[in-house]
Each structure stands twice: as structure tokens, then as C-alpha cells.
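Report on one structure; see the data block that follows.
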Protein chains: 2
Amino acid sequence: QDDVVTLAHGAGGEAMRSLVDTLAVSRFADGSSADTAGAVGLAALDDGSVHPLPGTDISIVLTTDSHIVTPPTFPGGDIGRLSVAGTVNDLAVMGVTDPLALTCGLVVEEGTPTAELDRFLESMRESAVEAGVDITTGDTKVMGAGELDGIVLNTTGVGTIPTSEVVTGAGLSPGDAIVLSGTVGDHGIALLAEREGFDFGANLESDVAPINGLVAAATDAGRVTAMTDPTRGGLATALNEMAEKAGVGLEIEEQAIPVDDAIASAGEVLGIDPLSVANEGKVVFGVHSDDADSVLAALREQPLGSNAAIIGQVISDHPGRVVLDTGFGNRYLSEPTGEALPRIC
Amino acid sequence: QDDVVTLAHGAGGEAMRSLVDTLAVSRFADGSSADTAGAVGLAALDDGSVHPLPGTDISIVLTTDSHIVTPPTFPGGDIGRLSVAGTVNDLAVMGVTDPLALTCGLVVEEGTPTAELDRFLESMRESAVEAGVDITTGDTKVMGAGELDGIVLNTTGVGTIPTSEVVTGAGLSPGDAIVLSGTVGDHGIALLAEREGFDFGANLESDVAPINGLVAAATDAGRVTAMTDPTRGGLATALNEMAEKAGVGLEIEEQAIPVDDAIASAGEVLGIDPLSVANEGKVVFGVHSDDADSVLAALREQPLGSNAAIIGQVISDHPGRVVLDTGFGNRYLSEPTGEALPRIC
Ligand SMILES: Nc1ncnc2c1ncn2[C@@H]1O[C@H](COP(=O)(O)OP(=O)(O)OP(=O)(O)O)[C@@H](O)[C@H]1O
Ligand SMILES: Nc1ncnc2c1ncn2[C@@H]1O[C@H](COP(=O)(O)OP(=O)(O)OP(=O)(O)O)[C@@H](O)[C@H]1O
Ligand SMILES: [Mg+2]
Ligand SMILES: [Mg+2]
Ligand SMILES: [Mg+2]
Ligand SMILES: [Mg+2]
Ligand SMILES: [Mg+2]
Ligand SMILES: [Mg+2]
């Protein structure tokens, strides 16, 4: 355990997981609520927790994210949209595509123009309408001048779902297809390009969007066995976590992973791997192999899923590892360690 | 509407309510979820929102608070205990005394000693055990060195309750007794005394504590018509808000309001009115007059309610106002404006 918190602890991936393990999981996860059948507690380290309501077949799903992003307005979105999409998406990948309510926990610095807050909250409203969710309660705290750089925006989401319809990040079985809902790297690379002030002669845009509609289309079209949203740590982290949780291997075809050309070139200039940075409007699905084509077709019919692709399959070899077929041979796709990644979200 | 956010906007009371009105209520509150019978939406500006589950007599209650406190460890508690108690208490005053789950949304600065986080999360754990609630999901973000002074800790809480048992802050009727669960001013004044470094020759301590057990004792003992926890803005704000929401007047006897002697003297030296600063382990109850004595007795049996008192009654005159009988005559007890108050939480 390190002595002080570093930026790597916030980058997703191994460093963060180990901090969260020591700080939170080892101490909170002995609670009782994870014991019920169908419950998903903290120890699962999933996108949210699941709470079956005694005497019913309904579960409550809960998820939270605090958002800090520099700059708070970026190509393709802003912190308001990010906060709504992030939380809607964590609920969606647990199976809750019709969320019940979101909270709005705002921490701002003295001296922040109210017009700026106005823009971010308007953006929250628009994204909430897009996702079909209400913002029903919140909190506002003000820190002194110089005490906070920017805004901290926490959104917590709650929804209900028939317990049997919950989808975890751990549900992969050998034979399942791995389906990705679209291109990867957009959010992280667009944001870094903006921050570095580079002009790449192309419109680099974050993919930030609520994807609960997209997820509903997929789960309606076939048997989805596992889901997660590849945010901090990117696709590489998401795939490794899914493999580890299910104790299976993944065989991924590098050429099949959709990456926007302009994003790929910008990533090269910036020295950032599109597979290792955050996405804010994408989903990784495990799909029963018989249903892979129908799920893919359903995704592609959706505006946010037009670049969806089958990128690989689940194997029983290499448990906990991701084997990347590069077209020239195989290598393990490892998790980014975080040290190399600038803070994005 | 002011052009920039000021500390007064974070102090509770009128300034904050007007900011929240403009930013959030006017824009979010047109959502649909508040239309259901029994629902409590954002426009109610209550301690949390209430979501009746269709086809059942059960509601989900949701509440959120972000916590920032200087110093993060103070006499009687720390930010970890504050975050758990604050959220448990907001659920409790909506009627949910057996909460389902809490989230832990941590934002820390690079360079924060992990031992410090460890202490705060251990304190969260202890307070959660005390309140009988599990912390089941969370989020950890790291800001760069110099970007955040201290720690931001968001806790969101969720619980379920038979819809008919929900208690709002708006339920007062003329004739009801106003019962206070104990002394006021402790948290705010202990914290300010600590911050100013004064030695008052007495052990000034915050009252921070989860009071869901206390609330359960009260609601079991008699008809509680309204509840709120007098946090930011103190008792004066809580009473004014309750009067305004119900369109009733309150007649409060100043001598009946319990204030610890040492807290009162320290408040005098510091120029802080115990009625206007935050409490973090207190409840204001409206109680059907026939049940006031039994509720009072039940509260006094609890360790956290030993100083409980009946402090006044609801009247139909002076709607929206609080009339304070000082013993020498009557005056309106007005809401603190926020400008005068240093930031406490
Ligand atoms: N401070 C914390 N306390 C309790 N649990 C935490 C904390 N931080 C993270 N976790 C848990 O760790 C797991 C991973 O969290 P993470 O924030 O990476 O998930 P995510 O929200 O899906 O991703 P992102 O934040 O990048 O959108 C989750 O199960 C989360 O509940
Ligand atoms: N940023 C926001 N967005 C939406 N609603 C908000 C926001 N800030 C505050 N509110 C709403 O305003 C009302 C008052 O909030 P406040 O935080 O004062 O309540 P509280 O949590 O009971 O008090 P405290 O924060 O002092 O513990 C609540 O109904 C809350 O939902
Ligand atoms: Mg997620
Ligand atoms: Mg997330
Ligand atoms: Mg609050
Ligand atoms: Mg409250
Ligand atoms: Mg509160
Ligand atoms: Mg998160």
C-alpha cells in the first residue's frame, strides 16, 4: 500500500482497484446485504450494487459517480452531460434501462459564475430528458476561493428491475461472443487533444451519451450474459476485469475493434492508446454465441450503435487474461497501470 | 440572481434556496415522477425524494449530501462520521429508519496520506454499523495537487418504506406540538471554536450521530406529522421552512429550546447564535398534540434524546412565520441570511 494517493489511483485499473480494496472493500464488504440471493454487494466491484426487495421479485440497483473534468466543457459534451450519462450508463449495464431517479450533488467554489452552473445544469437536464430519467434530489456545497479547482458533480442513480434480469460484469461463459457497441478512445483522446491545444485538422469529439436505449435494444435482441461500460482504464481494463471476474479467457481480434481514424491518429501523436483511455458512451457485451448476430444487428440499427462489432469470444484457456490477436500473432492485452495516463475524469 | 456563487449560497437558508430554485428546481422539477400519488419530488425541497413503486404499497426514498468540512477531524467526529450520519438522518426524517444502502463517493487530492483516508473510511464503517446500514457501492476520483483543499465525500442513501408511512417536512397542522430531540448549536459552535483555536475551558463537541434509532422510537410512540433535521441554517431555518411548507405559523418558547451551557457561552464569544448554526444529530418533530407527551417520553429514554423538549406549537395565525416568545415578549424568529455565517459543512 502506497503512503500517499497519486493520480494513478484515480486513473482506473490496477492501482485504483488496490486502493479501493484496502480502503473500502476490506472494511465495508462484511455488511449483511450481500448475502441475499440475487444481491450484488461491494465485493463484486461491479458497476453498481443490487438489492433484492424481500418478498418480491424486484431489486433496487444503486450506483454513484463523482465527476471532475478539465476542461469542464469539451468537444462533444460537458461535465453536466458526463455526470448524467455516466450514472445512467452504470445502471444500464446492470440491466436497468429505465432508471427511476438521479441525484445532483454539486460542490462549487466561491466566485464561480452562476451562468456557468446554469449551463452545466441545463446540460444535465437535456441529458436526463434524453435518458428518460428525473433528477429528484440534490445538494449544493460551496468551498472557499482557492479551495477547489473547478466543480465536483456527483450523480447517484437508482432503478428497479426484476431480479432475474440483472446482468453483472461477471457473467461470461466460454463460447460467448464479445460485442462492442462502437468505437473506442473517443472521449479520452478528444479531451486530451483539447487540453493540449493541438489542432488535428479533424473534429475530435467525446462519445459521451446515455446508452440505456442502446442497452435495451441489445438485451431485447438476445441473451446478454455480461455487460460493463469501459470508462476509466478503457477497453483494456474492462476486458481484463470481465475475464478475471468470470475466471475465463478472452480472445480478442485487434483488427475488429472499431477505432475512429482521426482519433487513432491523434492518439498516436499524443502517445495515447485508444484501448486504454476512457469511453463515456460505450458498452462491452458478453452475448450467448447463438444470439451474437441478432444482438449485433439490433445495436447497428441504433444511432449510437452504428459501429458495433463482434470483437472476440470467451475461451476457457488463459483464465483471467485477454489474448489479443494482432493479425501478426498473439499477445496478452494487459491493463494500463495508470501511471502513464493523464487524469481525464 | 447573483452573478457569482458566494459562501452564503452554501450556508443553508434563503440564499441557497434561491440558488437551488433557479438552478435546479425550475429546470428539473417538471419531470414526471412527482405526479404519482405519494411521490415527493424535487419541488417539495424536502430532505429526500420519494418514489412509490407502481403496483405496490412500497416507496423508494433517495437522498444525497456532499460533505466538505474544515478541519476534517473535529471534536466529536470527523468527515466520515458526518457523511454517514448526514445521509442516514435525511432518510430517517423522511420516515426510513432502517436504510437499505449508502454510497461512498470519494474525491481526494493527489498527495493525501492514505492513512488519513483510512481513518475517515474506518469512521464511516463504524457509523454505518451504528446506523445498521451497508455501504455497497462507491467511486474514487483523484484531483491534482493544489486542485482540492481537503476531501469531498458524497454519500447517497436509499431505503424503502410503506408509502403511507412517509413523513414529510410539510405535514404540520395547527395544534401539533413542536418537539426537538435535544440541544441545538453543538456541531456548528464546536467546529468554529476548534477552527478559531479558542480554549473555552470546556469540552465542546459536535453532536454528529445517526439518529435513525431515535426517530424510530418517536414514530413508534405517537403520531409524528412532520420531521426535518436542522442542519445548515440551524433550528431557525428548519422551523421557518416547516412553517412555510405547511402554510402555518409556529409559536416557539425560547426558554424551552435546550442549549448546552458551554455551547451557549462559546457561541456568545464567537458571535454565533446556537439557533442559526448546523446540528448533525438532531430532529425537529411535529407531533399530534395528544401524543406529544408520549413521544417526548420515548425520546428521553434514548441516549441521544435525553434533552428532548416540547418547544412550541403550531398555530393558524402568522402563516409561514415563526413567532418566538422570548419571555419578555414576542418577536419573529427569522432565517439567518447566510452572509454572517462562516462555512461549516
Ligand atoms: N470510495 C469507494 N468506496 C466504495 N467502493 C468504491 C469506492 N470507489 C470505488 N468503489 C467500487 O469500486 C468499483 C469500481 O469503481 P469505478 O468507479 O471504477 O466503477 P465505474 O463507476 O463503473 O467506473 P467510472 O468511475 O470510471 O465510471 C465499483 O464497484 C465501486 O463501487
Ligand atoms: N444541486 C441541487 N440539485 C437539485 N436539488 C438540490 C440541489 N441542491 C439542493 N437541492 C435540494 O434542495 C433542498 C435543500 O437541500 P439541502 O442540502 O439544504 O437539504 P439537506 O440535505 O436536508 O440539508 P444539509 O445539506 O444541510 O444536510 C433539498 O430538497 C435538495 O434536494
Ligand atoms: Mg461502469
Ligand atoms: Mg461509472
Ligand atoms: Mg443537503
Ligand atoms: Mg435534511
Ligand atoms: Mg442533509
Ligand atoms: Mg465510478
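The values are calculated or read from the model by the stated rules, or taken from the named source; none is laboratory data. Owing to the predicted nature of the structure, the values given are computational and were not obtained by experimental measurement. FYI the Cβ positions are ideal-geometry reconstructions off the backbone, even for glycines, and counts take in every protein chain you see.
Residues in segment B:1-26 that are part of a helix (DSSP H, G or I) and more than 24 Å from B:Asp229 (Cα to Cα): B:Ser26 alone.
Scanning segment A:88-100 for residues that are buried (at least 24 other Cβ atoms within 10 Å of the Cβ) and touching a strand residue (DSSP E or B) at 6+ places or on another chain (Cβ under 7 Å) gives A:Val88, A:Asp90, A:Leu91, A:Val93, A:Met94, A:Gly95, A:Val96, A:Pro99. In summary, A:Pro72 fulfils each of the numbered conditions (1) within 16 Å of ligand 2 (Cβ to nearest atom); (2) under 16 Å from the mean Cα position of the chain (by Cα) with the single exception of condition (2).
A:Ala37 satisfies every condition listed in (1) more than 16 Å from ligand 2 (Cβ to nearest atom); (2) under 26 Å from A:Gly159 (Cα atoms); (3) within 19 Å of the chain's Cα centre (by Cα) except (3). Residues that are farther than 23 Å from A:Ala226 by Cβ and assigned to a strand (DSSP E or B) within segment A:141-160 comprise A:Lys141, A:Val142, A:Met143, A:Leu148, A:Val152, A:Leu153, A:Asn154, A:Thr155, A:Thr156, listed in sequence order.
On inspection, A:Gly144 passes the criterion of being away from ligand 1 (no atom under 15 Å from the Cβ) and free of Cβ contacts under 8 Å to residues at least 60 places away in the same chain. For segment B:303-335, a residue qualifies if it is in contact (Cβ under 8 Å) with a residue 24 or more places away in the chain, in contact with a Leu (Cβ under 6 Å, 6 or more places away or on another chain) and farther than 25 Å from B:Thr219 by Cα, and the qualifying residues are B:Leu324, B:Leu333. On the basis of being assigned to a loop (DSSP other than H, G, I, E, B), within 18 Å of the chain's Cα centre (by Cα) and over 21 Å from A:Leu235 (Cβ atoms), does A:Thr97 make the cut? Taking the combined requirement at face value, the residue satisfies it.
Exactly one residue out of A:Pro52, A:Pro71 is more than 26 Å from B:Asp21 (Cβ to Cβ) and modelled with pLDDT of 95 or more, and it is A:Pro52. Tell me, which residue of segment A:74-106 that is without any contact (Cβ under 8 Å) to a residue 60 or more places away in the chain and within 16 Å of ligand 8 (Cβ to nearest atom) is farthest from the other protein chains (Cβ to nearest Cβ)? Only one residue fits best here, namely A:Leu102. For A:Gly105, the requirement of being within 12 Å of ligand 2 (Cβ to nearest atom) and either modelled with pLDDT of 95 or more or over 27 Å from B:Val40 (Cβ atoms) (or both) is met. B:Asp291 meets all of the listed conditions (1) in contact (Cβ under 8 Å) with a residue 24 or more places away in the chain; (2) under 28 Å from B:Arg17 (Cα atoms); (3) assigned to a helix (DSSP H, G or I) but one, namely (2). A Cβ distance below 6 Å, combined with a sequence gap of six or more or placement on separate chains, defines the contacts here; from segment B:253-267, residues that are touching a residue at least 40 places away in the same chain (Cβ under 8 Å) reach residues that are of a type in the set (S, T, N, Q) in the pairs B:Glu254/B:Thr326; B:Pro258/B:Thr183; B:Pro258/B:Asn307; B:Val259/B:Thr183; B:Asp260/B:Thr183. For segment A:107-124, a residue qualifies if it is within 7 Å of chain B (Cβ to nearest Cβ), crowded, with 16+ Cβ neighbours inside 10 Å and touching a residue at least 40 places away in the same chain (Cβ under 8 Å), and the qualifying residues are A:Val107, A:Val108, A:Leu121. Exactly one residue out of A:Ala24, A:Ala43, A:Ala39, A:Ala8 is more than 7 Å from chain B (Cβ to nearest Cβ) and in contact with a Gly (Cβ under 7 Å, 6 or more places away or on another chain), and it is A:Ala8. Only one of the numbered conditions (1) touching a residue at least 24 places away in the same chain (Cβ under 8 Å); (2) outside any loop (DSSP other than H, G, I, E, B) is not met by A:Arg300, and that is (1).
Within segment A:130-160, being more than 16 Å from ligand 8 (Cβ to nearest atom), under 20 Å from the mean Cα position of the chain (by Cα) and more than 7 Å from every other protein chain (Cβ to nearest Cβ) holds for A:Glu130, A:Ala131, A:Gly132, A:Val133, A:Gly159.
With respect to being touching a residue at least 60 places away in the same chain (Cβ under 8 Å), more than 13 Å from chain A (Cβ to nearest Cβ), on the phi < 0 side of the Ramachandran plot and among the hydroxyl-bearing types (Ser, Thr, Tyr), B:Thr70 falls outside the description. Of the listed requirements (1) more than 9 Å from every other protein chain (Cβ to nearest Cβ); (2) outside any loop (DSSP other than H, G, I, E, B); (3) within 17 Å of B:Thr64 (Cβ to Cβ), A:Leu62 misses just one: (1). Out of all the residues in segment B:34-59, which are in a helix (DSSP H, G or I) and out of contact with any helix residue (DSSP H, G or I) (no Cβ under 9 Å at 6 or more places or on another chain)? Residue satisfying the conditions is B:Asp35 alone. Restricting attention to segment B:65-88, which residues are touching a Ser or Thr at 6+ places or on another chain (Cβ under 8 Å), in a strand (DSSP E or B) and more than 16 Å from ligand 7 (Cβ to nearest atom)? Residues satisfying the conditions are B:Phe74, B:Asp78.
Candidates B:Leu296, B:Leu270: the one that is of a type in the set (A, V, I, L, M, F, W, C) and under 28 Å from B:Glu194 (Cα atoms) is B:Leu270. Inspection of segment A:54-61 identifies at least one residue that is within 19 Å of the chain's Cα centre (by Cα) and away from ligand 2 (no atom under 16 Å from the Cβ). A count restricted to segment B:30-49 and to residues that are closer than 30 Å to B:Leu333 by Cα and surrounded by 18 or more Cβ atoms within 10 Å (Cβ to Cβ) stands at 9.
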